[in-house]
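Reviewing the structure listed below.
The values are calculated or read from the model by the stated rules, or taken from the named source; none is laboratory data. This is a predicted model, so every value here is computed, not measured. A quick note on method: Cβ atoms are made from the backbone with ideal geometry, for glycine too, and the neighbour counts reach across all protein chains shown.
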Amino acid sequence: KEKVAITKEQDALMKLIVEAYNKHQIPQDVAKKLLQEQYSTEENFLLLTEIATSQVQVLVEFTKNIPGFLSLDHEDQIALLKGSAVEAMFLRSAQVFSRKMPEGHSEVLEERIRKSGISEEFITPLFNFYKSVGELHMVLEEQALLTAITILTPDRPYVKDQPAVERLQEPMVELLKKLCVLQHPQEPQYFARLLGRLTELRTLNHYHAEMLTSWRVNDHKFTPLLCEIWDVQ
Ligand SMILES: CC(C)NC(=O)n1c(-c2ccccc2)cc2c1CN(S(=O)(=O)c1cccs1)CC2
């Protein structure tokens, strides 16, 4: 059985990705707001809009720190960000949700999200996804790499130079694979389960697009940044 070891380069890459991931956490005060007073549906929706908007800003900063990203074609950089924003947001949500929270906090958070005007047929797959990510008990390095891998998906719409994106994503996938073997030696299929979450994420894109149209119908307001990244209005 060949000895799996992280090379010096891989260790340097991982440190860069984790550092970027840590630097760009969501301002806790915004997420904490969701846990405070009892809000109406409209106020919960506005809070989610605020949290989602701050998350997109966090996502852009994290992405800019992915080694090689800023050397990609500029239009491709935009195409990758727009193509991955929803997935990165739901991955982040799942990671926030699956984190150990003080007693009763995740129930309150779940309640607030359920009472935010999001249609039922979207809430179910959303919480199924949060649960399936939570069951993986990902370590920080895995979360950061999985987010970078999601952003560096070559086959997003309008990406011109896909091979250039593949050249950035490939080493991250290789590194994540090694990490999984080292972190979960008793679970050889763990890496495959992680990648399976990325497939599940793509289905949430579809639900999110459906949700957006239903919100536009009953004229919910989004921020300019969310309109920009989600191509609405
Ligand atoms: C952490 C950030 C990325 N999470 C977030 O914004 N959440 C969270 C969430 C999950 C765990 C902890 C805190 C918040 C649940 C939901 C969203 C956003 N969306 S949304 O983007 O469709 C939306 C935007 C405006 C109205 S609805 C709906 C569902």
Within region 85-123, track down each residue that is among the charged types (D, E, K, R) and either out of contact with any Leu (no Cβ under 6 Å at 6 or more places or on another chain) or more than 24 Å from I229 (Cβ to Cβ) (or both).
-> R92, R99, K100, E103, E107, E110, E111, R114, K115, E120, E121
Could you identify the single residue in L175, L195, L182 that is more than 13 Å from the ligand (Cβ to nearest atom), of a type outside the set (S, T, Y), under 25 Å from A12 (Cα atoms) and within 18 Å of the chain's Cα centre (by Cα)?
-> L195
Which ones in region 134-157 are buried (at least 18 other Cβ atoms within 10 Å of the Cβ) and either in contact with a His (Cβ under 8 Å, 6 or more places away or on another chain) or of a type in the set (A, V, I, L, M) (or both)?
-> L136, M138, A144, L145, L146, A148, I149, I151, L152
Does Q36 satisfy the condition of being within 16 Å of the ligand (Cβ to nearest atom) and surrounded by fewer than 14 Cβ atoms within 10 Å (Cβ to Cβ)?
-> yes
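Go through T153, T223, T147, T203 for me and flag whichever is away from the ligand (no atom under 15 Å from the Cβ) and among the hydroxyl-bearing types (S, T, Y). Step through it out loud before you land on a result.
Details: T223 fails: away from the ligand (no atom under 15 Å from the Cβ); T147 fails: away from the ligand (no atom under 15 Å from the Cβ); T203 fails: away from the ligand (no atom under 15 Å from the Cβ).
After applying the criteria, what remains is T153.
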Test I118 against the criterion of being within 13 Å of the ligand (Cβ to nearest atom) and over 27 Å from N22 (Cβ atoms), and give yes or no.
-> yes
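Among the residues of region 195-217, count how many are hydroxyl-bearing (S, T, Y) and more than 16 Å from T124 (Cα to Cα). Don't jump to the end; show me each part of the working.
First pass over region 195-217, keeping only residues hydroxyl-bearing (S, T, Y): 199, 203, 207, 213-214.
When the remaining residues are screened for being more than 16 Å from T124 (Cα to Cα), the result is 199, 213-214.
Final tally of qualifying residues: 3.
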Close pairs (9 angstrom Cβ cut-off, 6 or more residues apart or separate chains): within 8 Å of the ligand (Cβ to nearest atom) in region 72-95, in a helix (DSSP H, G or I) and among the charged types (D, E, K, R) anywhere | A94/K131; A94/R197
Candidates L194, L225, L168, L179 - the one that is surrounded by 18 or more Cβ atoms within 10 Å (Cβ to Cβ), at pLDDT 90 or above and within 20 Å of F62 (Cα to Cα) | L168
State which residue is farthest from the chain's Cα centre (by Cα) when the search covers only region 201-215 and only residues that are crowded, with 16+ Cβ neighbours inside 10 Å and farther than 29 Å from S71 by Cα.
-> W215
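Among the listed residues V159, V133, V173, which satisfies the condition of being touching a helix residue (DSSP H, G or I) at 6+ places or on another chain (Cβ under 7 Å) and closer than 19 Å to F90 by Cα?
Values: V159 fails: closer than 19 Å to F90 by Cα; V173 fails: closer than 19 Å to F90 by Cα.
V133 is the lone residue from the list that is touching a helix residue (DSSP H, G or I) at 6+ places or on another chain (Cβ under 7 Å) and closer than 19 Å to F90 by Cα.
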